[in-house]
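Written out below as structure tokens is the structure these notes cover.
The values are calculated or read from the model by the stated rules, or taken from the named source; none is laboratory data. The model shown is predicted, which means the values in this text are computed figures rather than measured ones. Note: ideal-geometry Cβ built from the backbone for every residue, glycine included; neighbour counts use all protein chains shown. In case anyone asks, the SASA skips ligands and DNA or RNA and just uses the protein heavy atoms, side chains included. Shrake-Rupley method; radii C 1.70, N 1.55, O 1.52, S 1.80 Å.
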Amino acid sequence: MKIIDTHAHLQSEEFNAILDDVINRLGIVEKVFLATSYVNDIKKACEITHKYDNLYFFAGIHPHYANEFKIGDLDIIENYLKDEKCIGIGEIGLDYFYNYAPKDTQKTLFSNLLDLAIYHNKWVSIHIRDATKDAIDILSTKNNLKAIIHCFNGDLDLLKLALDKNYLLGIGGIVTFKNSLIRQNITNVPLKNMVLETDAPYLAPVPKRSKTNEPSFLQYTLNALCSLVGAQAEEIAQITYSNSLRVLNDK
Ligand SMILES: [Zn+2]
Ligand SMILES: [Zn+2]
């Protein structure tokens, strides 16, 4: 059995001293896709993916950093898209929970980066927090977009749009949290649209909740999914693995 972690931040400083160990204990996780948040973060992720065969990266500007975005950054991202280890643009999106940048600034950047992905026919890894309505408004206007909604929160309006547009939905540690919306609504997410993710170092699944999350913990999310959706681990692993390979094979 093998699975893919479609969203992790192994370039984060939390992993500086332990990255070799984390990679050596990946277990059933065969590949990891790194998500990035700002220009220097992309640079570090790119370097790391060139050291380890089984790592790939998305080049993106997180909405938290929308204020610092400069127009030349688009050229920088465009250049990374040519890198053999780059699989698309991400993470990008809207975050009204922290609201580090004004909503309009976030929306403009998100829309521009989606257009860049569509222009280059690249995948995107999308972050949406407390901004579902505006995200749906923007995504509704975009055609021919290949997208993963990372850390899907279980919102049914967003799910409807995602299924209409054949996006993939990233299921992470939150599905193991009691009372989470995604846990309540997980049976509405078809396996054919599902991929797995950790968002390491954040959002460690139960029973590792207080720990620094890492890709090997994805097995706990997989186990929780088995009982929640009533499928065998092998079946979920196999379907989510081939869904994730779509991103790699079509980069
Ligand atoms: Zn995110
Ligand atoms: Zn992330």
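Here are some notes:
- Single match in ASP137, ASP155, ASP115 (criterion: open to solvent by 20 Å² or more (accessible area, probe 1.4 Å), closer than 22 Å to TYR96 by Cβ, within 16 Å of ligand 1 (Cβ to nearest atom) and of a type in the set (Asp, Glu)): ASP155
- Top-ranked residue of the stretch 118-131 - restricted to ones that are free of Cβ contacts under 8 Å to residues at least 40 places away in the same chain and more than 14 Å from ligand 1 (Cβ to nearest atom), ranked as farthest from THR6 (Cα to Cα): TYR119
- Every residue from the stretch 113-140 that is hydroxyl-bearing (Ser, Thr, Tyr) and over 15 Å from LYS82 (Cα atoms): SER125, THR132, SER140
- In the stretch 84-171, counting only strands (runs of 3 or more DSSP E) that sit wholly within it, the ones holding 1 or more residues that are among the basic types (Lys, Arg) span 123-129, 146-149.
- Extreme residue, modelled with the highest pLDDT, among residues of the stretch 97-112 that are within 16 Å of ligand 1 (Cβ to nearest atom) and of a type outside the set (A, V, I, L, M, F, W, C): GLN106
- The stretch 166-182, residues that are out of contact with any Leu (no Cβ under 7 Å at 6 or more places or on another chain) and open to solvent by 10 Å² or more (accessible area, probe 1.4 Å): ASN166, THR176, PHE177, LYS178, ASN179, SER180, LEU181
- Filter pass, SER12 being open to solvent by less than 90 Å² (accessible area, probe 1.4 Å), small (Gly, Ala, Ser) and touching a residue at least 60 places away in the same chain (Cβ under 8 Å): yes
- Residues that are open to solvent by 60 Å² or more (accessible area, probe 1.4 Å) and either in contact with a strand residue (DSSP E or B) (Cβ under 9 Å, 6 or more places away or on another chain) or of a type in the set (Phe, Trp, Tyr) (or both) within the stretch 59-83 comprise just one, TYR65.
- Check on HIS50, under 14 Å from the mean Cα position of the chain (by Cα), at pLDDT 95 or above and open to solvent by 10 Å² or more (accessible area, probe 1.4 Å): no
- Every residue from the stretch 219-236 that is open to solvent by less than 10 Å² (accessible area, probe 1.4 Å) and either over 26 Å from SER12 (Cβ atoms) or within 16 Å of ligand 1 (Cβ to nearest atom) (or both): THR221, ILE236
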